[in-house]
Structures are given as C-alpha cells and as structure tokens.
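Only the coordinates and a few stated rules stand behind these numbers; no lab work does. A quick note: this is a predicted structure, and the numbers were derived from the prediction, not measured. All Cβ positions, even for glycine, are placed from backbone atoms using ideal geometry, and neighbour counts span all protein chains on display.
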C-alpha cells in the first residue's frame with residue numbers, strides 16, 4: 001500500500017507528528033533530486049519533529065512564566081551607558097546562581113536597563129528548562145490579595161515558593177498598600193535558600209522602610225535577599241530619556 005503525500009501528511013498529523021508533516025514534502029523533494037538518501041532524509045524528519053516539539057515546549061514555558069516580551073542580553077546597548085555592571089550581568093548569564101539558589105537585587109534609576117537585564121536572564125532560564133514566574137511588584141501584591149479573597153492563598157503561595165526563579169520587577173514604581181511589606185517578606189522567606197528570587201527597584205535601601213511603612217520588616221527582607229545574593233547597581237544615563245530625545249528631535253525635523 002502506497003500513500004499519497006496528502007494521505008501521509010494526514011497520517012502524521014493523526015499521530016501528532018506535526019513537525020514531520022510540515023517538512024515532509026521538502027524532505028521528499030530532496031530525496032527525489034538525490035540531495036540525500038532515504039535514511040538521511042528520515043533522520044532530518046525526526047529532527048524536524050524534535051525541533052517542533054522543543055519550540056512548542058519553550059513557547060508553553062514562556063507563556064506560563066508571565067513574561068510578556070523576549071528580552072536578550074545580546075540586544076542590550078552597553079556602549080551608551082558605561083557605568084553599568086556589564087561584567088556581572090554577563091556572568092549571571094551562565095545561570096549558575098539558579099543552581100546555587102542565590103538571589104539577585106538590581107537597583108538604580110529608571111531607564112538604566114534593570115528590567116531589560118532581569119527579563120533577559122529570566123528568558124535564558126526559560127530556554128534552559130528552569131521554571132520561571134514574572135510579576136511586577138504591584139501585580140504580585142494584588143495577586144496575593146485576590147488569592148486570599150478566593151480562598152486560594154495557600155495554593156498561590158505554593159506556586160510562588162516552587163518556581164526556580166521568581167522575578168519581582170519594578171518594586172516601588174507604584175505605591176504599594178499597607179500590607180505589602182509583610183506579603184513580600186513572607187514570599188522571600190518562603191524561598192530563602194530554596195530557590196532564586198530576582199528583584200529590581202529604582203529606590204535605594206534607605207527609602208524601603210518608609211515606602212513599605214514598616215521598619216521592622218525591611219531588615220529581615222533585605223537580609224534574606226543579600227545573604228546569598230548579588231547586588232548590582234545600575235547608574236548613569238537613562239536609555240528611555242535618550243529615546244524620548246531622539247523622538248522629539250525627529251518630530252522637530254518633520255514638516
């Protein structure tokens with residue numbers, strides 16, 4: 001029995017081999033034109049299927065992570081601001097800090113690249129098979145409050161505790177509610193020496209007690225972050241201000 005190309009494609013899709021189905025005609029043409037023999041073509045078909053499955057798995061992990069954009073350290077312009085901790089950030093790209101269950105704290109003025117680098121490290125973790133959860137700080141506090149109201153707080157805290165990397169972005173970018181200090185402390189303490197937490201903030205340590213409204217909770221919070229952690233300070237010029245200036249200059253030149 002010989003199947004037609006269309007029947008073979010349908011059969012492969014029925015077997016959930018969509019990677020093979022998508023490239024089968026191209027591989028068959030390569031065999032027909034003597035560019036490769038059957039065994040070589042079949043090997044490529046198997047690789048096509050593996051690549052498709054790997055791509056789908058990565059897409060699924062990315063979606064579950066909560067990341068909304070795919071930042072890459074290779075896309076970052078280190079030349080614009082020479083006061084950034086380039087060597088330290090690139091070293092963190094090995095992700096050894098995840099295996100060591102170390103924490104990261106990126107602090108500096110807005111627009112200096114903290115979030116870009118943090119999201120790029122999170123994306124690397126996703127690509128290498130680590131579980132990742134991204135939340136902006138205010139969103140995390142809102143999620144905890146909602147989980148409490150729905151009777152799902154224990155389950156959500158379990159999720160926060162279990163991921164390999166929890167990225168809490170833009171701490172203090174927005175005003176946080178009164179209970180935020182306790183909520184953040186609970187999250188960090190539950191992950192302490194068990195998994196890595198990455199926090200970005202545009203406010204120096206001296207402001208944290210005032211912004212959280214609780215001096216008592218700030219000391220243990222920072223203690224957990226910095227005990228087995230890396231503190232990176234982002235200083236210098238704002239990339240966003242540069243882009244804004246470029247847009248204004250372009251508008252001024254346009255008729």
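Tabulated results
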quantity: Protection proxy ranking, peptides 196-208, 81-93, average beta carbon neighbours within 10 Å, highest first; calculated: 196-208, 81-93
quantity: Global geometry of segment 107-189, whether rounded, prolate or oblate, following the gyration tensor of its Cα atoms and the 1.5 cut on a/c; calculated: oblate
quantity: Cα-based shape type of segment 53-202, given that a ≥ b ≥ c are square roots of the gyration tensor eigenvalues and the cut on a/c is 1.5; calculated: oblate
quantity: Protection-proxy order for peptides 157-163, 183-189, 34-40, each taking the mean of Cβ atoms within 10 Å per residue, highest first; calculated: 183-189, 157-163, 34-40
quantity: Helix axis angle, 38-65 relative to the chain longest principal axis, alpha carbon, degrees; calculated: 20 degrees
quantity: Inter-part distance where segment 137-194 and segment 63-135 are each reduced to a Cα centre, Å; calculated: 20 Å
quantity: Fewest-first sequence of 79, 215 by Cβ atoms within 10 Å of each Cβ; calculated: 79, 215
quantity: Helix axis angle, 215-227 relative to the chain longest principal axis, alpha carbon, degrees; calculated: 40 degrees
quantity: Candidate values (i) 0.93; (ii) 1.12; (iii) 0.96, label of the one derived for Rg/Rh (Cα atoms, Kirkwood Rh); calculated: (ii)
quantity: Fluctuation leader among 134, 192, 80 - the chain, Gaussian network, Cα springs under 10 angstrom; calculated: 80
quantity: 222 nm mean residue ellipticity, helices alone, for the chain (DSSP H n ≥ 4; -39,500 (n - 2.57); rounded to 500); calculated: -18500 deg cm²/dmol
quantity: On Cα atoms only, tilt of 239-253 relative to the major axis of the chain in degrees; calculated: 80 degrees
